[in-house]
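S.K.: Can you keep this structure in mind? I'll have questions shortly.
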Amino acid sequence: MTLVLGVLSMAAAALAGLADYTDTDGTARTRATLHATLMVVALVVYLVSLVLRAAGPADRALPVALSIVGFLVIAAAAYVGGEVAYVFGNMVNRHAWRGAGAKWLSLELPGDLPGGEIPEATPTKAKLGINTLVLVRQGEAIFALHEQCAHAGGPLSQGAIVDGCIECPWHGSRFLLANGHMRRGPALYDQPAYEVRRSEAGWEARRSQS
Ligand code: FES
C-alpha cells in the first residue's frame, strides 16, 4: 500500500514539475532534465517492483532489491532537484540567496564604450564583483539592476526599455528601472536594484539599501 501511495505521489509531483519545466531555461533546464530523467527511472523501477510484489512471489528478494534501487535513484534525483531550487532559485527567486552587500565596488564596463561613457537608453552589461548588472542611462540618471531576471534567469541586458521598465526577453516580465519593482509577470519577485556613482577611477555601485 505504501508503495502504491508513493507511486501515485510521484505521478502527481511529475505534473507540478512539468508545469515548472516548461518555464525553465538555461543551465537550470539542463539540471531539471536530469532530475526528471532520474525520477522517471525511479518510477519505472518502483512500478516493476510493484508488479512483482502483486504476483505474490515466494521469494521477495528481487522486488525488495528493486525498491532499494528506486530509493537510491530518488535520493540522487532529490539532490539534483534541490540544486535547481536552492542554487539556481528556479521558480523561487533567482536572487533569494544574494547578499545585500552595502559596500561600494568598482563597476567594470565593457571596454568598447566610446569615452567609457554609459550609452543613453541602451541596456549595458557591467561587472560588479561576482555579479553582473544591467545599466541604463536616461539623461543624468543611471539605473542599475541585476542582469539575471528574477523569474528564470533571462538576460535583462538583451531586453527592451518600456514605460520606465526593462522587459525580459525570455518571458516578458517587466521591472521598474528606478527600484527593480516587478511591474508585470510571470516573475513574482522584484529585481535587485543598485546605486551607481562616479568614482575617481570611473564608476562604482552598491546594492540599493531600500
Ligand atoms: S526569465 Fe522569465 S521573464 Fe525573465
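Here, each number is a calculation from the coordinates, and none is a lab measurement. In this text the structure is predicted, and so the values were computed from the model without any measurement. Here the Cβ is made from the backbone with ideal geometry for all residues, glycine too, and neighbour counts use every protein chain on show.
S.K.: If packing is taken as the average number of other Cβ atoms within 10 Å across a peptide's residues, how do 183-192, 51-60, 99-108 rank, most packed first?
M.R.: Result, highest mean first: 183-192, 99-108, 51-60.
S.K.: Need the full-extension length gain, LEU18 to THR132, defined as separation in residues times 0.36 nm minus the C-alpha distance. One decimal, nm.
M.R.: Result: 38.1 nm gained on full extension.
S.K.: Share of antiparallel DSSP beta bridges in the chain, in percent to the nearest 5?
M.R.: Percentage antiparallel, nearest 5: 95.
S.K.: Same structure, new question: Between the range 98-135 and the range 29-95, how many Å separate their Cα centres?
M.R.: One Cα centre to the other: 42 Å.
S.K.: What do you get when you divide the Cα radius of gyration of the chain by 2.2 N^0.38 Å, with N the number of residues?
M.R.: My calculation over the Cα atoms of the chain gives 1.40.
S.K.: How high is the FRET efficiency between LEU72 and ALA100 when r is their beta carbon distance and R₀ equals 45 Å, given to the nearest 0.05?
M.R.: Calculated value: 0.70.
S.K.: Evaluate the distance, in nm, between pseudo-label points positioned 7 Å from the Cα of ARG60 and of LEU8 along their respective Cα→Cβ axes.
M.R.: For the pair ARG60/LEU8, the computed spacing is 2.0 nm.
S.K.: Please find the FRET efficiency linking VAL162 to VAL40, where r is the Cβ-Cβ separation and R0 is fixed at 35 Å, and quote it to the nearest 0.05.
M.R.: That pair, VAL162 with VAL40, gives E of 0.30.
S.K.: Let me ask you something else. Counting only DSSP beta bridges with both residues in the range 105-207, what percent are antiparallel, rounded to the nearest 5?
M.R.: So the antiparallel bridges amount to about 95 percent of the total.
S.K.: Using the number of other C-beta atoms within 10 angstrom as an exposure proxy, rank VAL84, VAL64 with the fewest first.
M.R.: Result, fewest neighbours first: VAL64, VAL84.
S.K.: Please find the FRET efficiency linking ALA178 to VAL92, where r is the Cβ-Cβ separation and R0 is fixed at 25 Å, and quote it to the nearest 0.05.
M.R.: Once the sixth-power term is evaluated, E becomes 0.50.
S.K.: Taking the simple approach of a point 7 Å from Cα along Cα-to-Cβ for both GLU83 and LEU47, what is their distance in nm?
M.R.: Placing both labels 7 Å along Cα→Cβ, they lie 2.7 nm apart.
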